[in-house]
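Worksheet for the structure shown next.
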Amino acid sequence: MNSRQFTNVPLIWSPSEHDGKTVKIFQKIIEEKYLVKFGGYGDFHKWSVENLCEFWEELWDFLEVISSRRFDKVVDLNISMSDSPKWFEGARLNYAENLLKYRDDRLALIVDGEATEVKTYTFAEMYEETRLYAAAFRKFGLKKGDIVICHMSNRKEAVFVTQAVLSIGAIWTAALPMLGTQAVLERFQQLNPKVLLSEDGYRLGGKDVDMLPKLAEIVEGLPSLEKVLIVKSNSESHSKDISGIRNSCFLENFLKLGAENDGSIPPMKFEQVSVDHPITITYTSGSTGLPKGIIHGSSVLISVINFVHLNLDADRDSRWLSIMPAGTGLWLAHLTLHFLGQTLVLYEGAPFLLSPTSFWDLLGKQKVSHMIMFPDVFDEMERRNYVPTKEHDLSSFRVLATGGTTTKKKTYDFLLQVLKDTAVFTIYGCTELFQVVLGKEMTLPTYKGEINAPSLGLSMQVLDDDGKSVVGEIGEIVLSKPVPNLPIGLWNDADGSEYRKKYFSKYPGIFTLGDCGMINPVTKNWIICCRSDEALNPKGCRFGPSEIYNVVETIPEVLDYLCVPQYRKDMDERAVLFLKMKDGYSFNQDLVSRVKKVIEKDCSFQHVPEVVLEVTDIPYSLTGKRTEVIVKKIINKFPHSSVSVKNPESLQYYYNIPELKEF
């Protein structure tokens, strides 16, 4: 990107004096208490990262976090970030108690979906539902530290179970329902879970998905499971035979445990735990082996609310559309919005392409105000010309944030054209930090294709290979100072060595986020460029090549394989799979079709490579690892070195491939 491109970035949104109401209130509190004066958000952000202890203590108090005991110390900044300093030491709290602090008659949940009857729950009703669920789990014997896993669509039962599990001090984790058996087991087998929550089926894109055959396979691969809870997807589900699924029962029967003999439900008990007590586990992409479990504590409460409350002007009248099911960080982040008393429109399925107006119908019917979504769906809506009509009332729709993958400029144009009164922008989140680290600050202008600010308290930088901070150059996106929502660690990594190697080995004491980006020297905005490791992210689905390899290796004709991303000029991404055939076998379209089908079955349709090619040889490093990064650089025409390649002659097969030239 040259200077001319830096200076000619289109302005797509300008703030008014009414924007940024919450951050202005918080800023005034800081100015008056600490006798400072900020010229704007940039000054406030600078103060927040230069006064970390003061900032995070003030934010804790400003958000009114519920705790039975206040912390003794915010953090010891003398301890290196890579050594995981303890935050808010001495505090005792419960995540679910904070999510359930509102118990009034305002709407907490609006349940909708492709095959779902619309139903609403007030905050009071949601609390009572969770109380029943928690009582049943306690009667069953679930206790602090036990693990409950989830593999189901975006249903209300997952909300109630999550809150109930966290109220007990147990750990919640999930895998997306689109994942195949093998991908699910790779995540869950390392955990020794006690309870599994799933369903008999769901509808997605107008098609019914039967979950029971896959569920039976998953349960057989998880011998530690003591109970499998199955949600009925419809009124006919009771007739389905689940006797072949070990330790299973329908959820409605399990919930009968929660009632006493007289029909009453025991009072809620919120187990008080430390801030670093595990509450949930997310997963790495699996780019260097099995997906690793990332352990998060209650500090993610503050990280989620930091951005939503301070930067987005969301309030109790806000309604968030939640489409992504449990298995992504975004799902629990959406639940955390209940801490602010905001409403979730929980949609089961995919509303975008059911009809030319299905998505716009949903926005208007449920008066959605905020939404975070992958941009790819809007690309397809543009291609089909699925636009709102004059009859659609979208006056409530205030904010649309795209994330998870690069938003094309033509996608911005489409959205800005059809949503003239909506703030459209891109955010950049980090699974490990469970937070939007770069996002939309309402007091600052927004430029097309750029992100206008880091969240308060986050010292974000772009570093070159020598560890020097750079502006106007592509480099590694890093966090240079500690934050409370850093992972507690990785599962089964008792001494923290794997954690330090994965996130701190490139720049000692500095946390790398695994992506490349740059800062526009003119607008001071951020530009996300590409992934910095070998992980793939096509269609908004981030995964590692090992997930593909674990499936492809079962195909008898294939000897070896390598999967890498290819980037278009607008940074759109697709997966390219290279196959080396065994002697005596030929590469043909029948094989390609079979490869794609088995990947879709065992992983998901989002994992399916767009291009599958035959190759003569696969390059390996001196330590015996496939060199995805080098091949990725070759096919994307990035600078690269072959010094670490054990068989460098193999690289010749990846240059100037005809099938890749037109992308």
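The values are calculated or read from the model by the stated rules, or taken from the named source; none is laboratory data. Computed from a predicted structure; not experimentally measured. Note that each Cβ is placed from the backbone with ideal geometry, even for glycine, and that neighbours are counted across all protein chains shown. We work out accessible area using only protein heavy atoms, side chains counted, and drop any ligands, DNA or RNA first. Shrake-Rupley method; radii C 1.70, N 1.55, O 1.52, S 1.80 Å.
Observations on the structure shown:
- Selection status of LEU340, hydrophobic (A, V, I, L, M, F, W, C), in contact (Cβ under 8 Å) with a residue 24 or more places away in the chain, under 19 Å from GLU57 (Cα atoms) and surrounded by fewer than 22 Cβ atoms within 10 Å (Cβ to Cβ): yes
- Residues in the range 323-337 that are in a loop (DSSP other than H, G, I, E, B) and not small (Gly, Ala, Ser): ILE323, MET324, PRO325.
- Answer from LEU394, LEU337 - the residue that is over 19 Å from ALA326 (Cα atoms), of a type in the set (A, V, I, L, M, F, W, C) and modelled with pLDDT of 95 or more: LEU394
- Residue in the range 353-361 that is under 17 Å from LEU312 (Cβ atoms) and open to solvent by 10 Å² or more (accessible area, probe 1.4 Å) present: no
- Matching residues in the range 10-53 - criterion: being of a type in the set (D, E, K, R), open to solvent by less than 40 Å² (accessible area, probe 1.4 Å) and in contact (Cβ under 8 Å) with a residue 24 or more places away in the chain: ASP19
- Options SER264, SER318, SER298: the member that is closer than 30 Å to ALA115 by Cα and of a type in the set (Ser, Thr, Tyr): SER318
- When the criteria are applied in full, GLU382 fails the requirement of being crowded, with 21+ Cβ neighbours inside 10 Å, charged (D, E, K, R) and either modelled with pLDDT of 95 or more or within 30 Å of LEU536 (Cα to Cα) (or both).
- When the range 327-366 is filtered for residues that are out of contact with any Gly (no Cβ under 9 Å at 6 or more places or on another chain), over 18 Å from ALA115 (Cα atoms) and of a type in the set (Gly, Ala, Ser), the ones remaining, listed by number, are GLY327, GLY341, GLY364.
- Any hit, the range 75-94, residues being open to solvent by 40 Å² or more (accessible area, probe 1.4 Å) and in a helix (DSSP H, G or I): yes
One line per residue, one yes/no per condition, for (1) of a type in the set (A, V, I, L, M); (2) assigned to a loop (DSSP other than H, G, I, E, B):
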| site | (1), (2) |
| --- | --- |
| TYR503 | no, no |
| LYS506 | no, yes |
| LEU513 | yes, no |
| ASN550 | no, no |
| ASP570 | no, yes |
| ARG574 | no, no |
| LEU591 | yes, no |
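- Matching residues, the range 108-123, being in a strand (DSSP E or B), surrounded by fewer than 18 Cβ atoms within 10 Å (Cβ to Cβ) and not charged (D, E, K, R): VAL118, THR120, THR122
- Count of residues meeting criterion [more than 20 Å from ILE295 (Cα to Cα) and outside any strand (DSSP E or B)] in the range 472-501: 4
- Scope the range 559-570; condition touching a strand residue (DSSP E or B) at 6+ places or on another chain (Cβ under 9 Å), surrounded by fewer than 16 Cβ atoms within 10 Å (Cβ to Cβ) and either within 26 Å of GLY404 (Cβ to Cβ) or of a type in the set (Gly, Ala, Ser) (or both); matching residues: ARG568
- Of the residues in the range 296-304, at least one is in a helix (DSSP H, G or I) and over 21 Å from GLY20 (Cβ atoms).
- Restricting the range 474-519 to residues that are touching a strand residue (DSSP E or B) at 6+ places or on another chain (Cβ under 6 Å) and among the acidic types (Asp, Glu), the residue that is surrounded by the fewest Cβ atoms within 10 Å (Cβ to Cβ) is GLU498.
- In the range 416-471, the residues that are in a loop (DSSP other than H, G, I, E, B), under 15 Å from VAL308 (Cβ atoms) and open to solvent by 10 Å² or more (accessible area, probe 1.4 Å): ILE427, PHE434, MET442
- Among the conditions (1) in a loop (DSSP other than H, G, I, E, B); (2) at pLDDT below 95; (3) out of contact with any strand residue (DSSP E or B) (no Cβ under 8 Å at 6 or more places or on another chain), the only one that LYS539 does not satisfy is (1).
- Among the residues here, ALA183 does not qualify as open to solvent by less than 20 Å² (accessible area, probe 1.4 Å) and modelled with pLDDT of 95 or more.
- Of all the numbered requirements in (1) at pLDDT below 95; (2) crowded, with 22+ Cβ neighbours inside 10 Å; (3) in contact with a Phe, Trp or Tyr (Cβ under 9 Å, 6 or more places away or on another chain), THR405 misses one, and that requirement is (2).
- Residues (buried (at least 22 other Cβ atoms within 10 Å of the Cβ), among the small types (Gly, Ala, Ser) and part of a loop (DSSP other than H, G, I, E, B)) located in the range 124-157: SER153
- Checklist (1) touching a residue at least 24 places away in the same chain (Cβ under 8 Å); (2) surrounded by fewer than 18 Cβ atoms within 10 Å (Cβ to Cβ) applied to HIS370, failing item: (2)
- Single match in GLU600, GLU614, GLU573, GLU610 (criterion: within 22 Å of the chain's Cα centre (by Cα), of a type outside the set (A, V, I, L, M) and open to solvent by 50 Å² or more (accessible area, probe 1.4 Å)): GLU600
- TRP320 meets the stated requirement of being assigned to a strand (DSSP E or B) and either open to solvent by less than 10 Å² (accessible area, probe 1.4 Å) or not aromatic (Phe, Trp, Tyr) (or both).
- Residue match in the range 30-48 (condition: on the phi > 0 side of the Ramachandran plot and out of contact with any His (no Cβ under 7 Å at 6 or more places or on another chain)): yes
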